[in-house]
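First up is the structure itself, then whatever we jot down about it.
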Amino acid sequence: MFDPIELGGEFFDLLRIADEEILEKVRAMGCLWCGGPLYRGDYPRKPRGGVIATLTDALDRRFSLCCGRDGCRKRATPPSLRFLGRRVYVAAVVIIASAVAIHNALASEIKRKSGVPSRTVRRWIDWWRGSFIKTSAFVAICARLVPQPTRAEMPDSILNGFQGSMSSRIEKFLAMLAPITTRSVPDGSRFVKGAA
């Protein structure tokens, strides 16, 4: 069985630090379109954590950059370990709540253990087993894990493929997912290496 964990502020502070390292790597590259300097232009976020995540100030901003050259002003939103694209819930919650749902078929149990409505979690599971398996992140994860993740058990089969404590496994998983959290920075995986 899967015993859900509660992720505290310290865990998310570490993810924020990793996101800041990624941000600095992207900033150092300059604007991808004109080569101009990139300046901070963060987005406010009001993410949800269910009962899994203790939300902190580390989650109130989605880091982003904006070109400083007149006439360009293009955005570069770096990959993130904290946020999974535009999803309202924190990325770690998407992973854990989905894993909880694999072990608990009852909607009331999913809601009680994760704090996330079962309908939302079922939608996430459809994503894990559908369009996620077509991403470059899934290919990279499969290349690293032995045995291969099983589609029927995703994301739990991926999470269990990593070694270490639960929070360490979640952090490794988030680092592998980070490249698909943005579209404005191509080949985001090169910026994530060494950040987590």
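Evaluate the following for ALA53: is it closer than 22 Å to ILE158 by Cα and in contact with a helix residue (DSSP H, G or I) (Cβ under 7 Å, 6 or more places away or on another chain)?
When the stated conditions are applied, ALA53 passes them.
Here are ALA92, ALA99, ALA107: which of them is in contact with a strand residue (DSSP E or B) (Cβ under 9 Å, 6 or more places away or on another chain) and small (Gly, Ala, Ser)?
Of the residues listed, the single one that is in contact with a strand residue (DSSP E or B) (Cβ under 9 Å, 6 or more places away or on another chain) and small (Gly, Ala, Ser) is ALA92.
When you look at ARG169, is it among the basic types (Lys, Arg) and in contact with a Phe, Trp or Tyr (Cβ under 9 Å, 6 or more places away or on another chain), yes or no?
yes
Could you grab me the full set of residues in region 3-39 that are acidic (Asp, Glu) and closer than 19 Å to ASP60 by Cα?
GLU6, GLU10, ASP13, ASP19, GLU20, GLU21, GLU24
Of the conditions (1) in a loop (DSSP other than H, G, I, E, B); (2) touching a Pro at 6+ places or on another chain (Cβ under 9 Å), CYS72 clears all except one; give me its number.
Among (1) in a loop (DSSP other than H, G, I, E, B); (2) touching a Pro at 6+ places or on another chain (Cβ under 9 Å), CYS72 violates only (2).
What are the residues in region 134-159 that are without any contact (Cβ under 8 Å) to a residue 24 or more places away in the chain and surrounded by 16 or more Cβ atoms within 10 Å (Cβ to Cβ), if any?
PHE138, PRO149, SER157, ILE158
Tell me, yes or no, whether region 167-181 has at least one residue that is of a type in the set (Val, Ile, Thr), under 19 Å from GLU20 (Cα atoms) and touching a Gly at 6+ places or on another chain (Cβ under 6 Å).
Within region 167-181, one or more residues are of a type in the set (Val, Ile, Thr), under 19 Å from GLU20 (Cα atoms) and touching a Gly at 6+ places or on another chain (Cβ under 6 Å).
Among all residue pairs at least 6 apart or on different chains, which show Cβ distances below 9 Å where the first residue, located in region 63-87, is without any contact (Cβ under 8 Å) to a residue 12 or more places away in the chain and basic (Lys, Arg) and the second is surrounded by fewer than 22 Cβ atoms within 10 Å (Cβ to Cβ) and part of a strand (DSSP E or B)?
Hits for this filter: ARG73/CYS66.
What number of residues within region 99-126 satisfy the criterion of being closer than 13 Å to ARG151 by Cβ and in contact with a helix residue (DSSP H, G or I) (Cβ under 9 Å, 6 or more places away or on another chain)?
2
In region 134-145, is there at least one residue being in contact with a Leu (Cβ under 7 Å, 6 or more places away or on another chain) and either farther than 21 Å from SER80 by Cα or part of a helix (DSSP H, G or I) (or both)?
Yes, the conditions are met somewhere in region 134-145.
Could you tell me which of the residues LEU59, LEU23, LEU32, LEU14 is among the aliphatic types (A, V, I, L, M), under 25 Å from ALA137 (Cβ atoms) and in contact with a helix residue (DSSP H, G or I) (Cβ under 7 Å, 6 or more places away or on another chain)?
LEU59
Considering (1) of a type outside the set (Asp, Glu); (2) surrounded by fewer than 21 Cβ atoms within 10 Å (Cβ to Cβ); (3) outside any loop (DSSP other than H, G, I, E, B); (4) modelled with pLDDT of 90 or more, say which one SER108 fails and leave the rest.
Of (1) of a type outside the set (Asp, Glu); (2) surrounded by fewer than 21 Cβ atoms within 10 Å (Cβ to Cβ); (3) outside any loop (DSSP other than H, G, I, E, B); (4) modelled with pLDDT of 90 or more, only one is false for SER108: (4).
The values are calculated or read from the model by the stated rules, or taken from the named source; none is laboratory data. Not measured: the values here are computed from a predicted model. Note: ideal-geometry Cβ built from the backbone for every residue, glycine included; neighbour counts use all protein chains shown.
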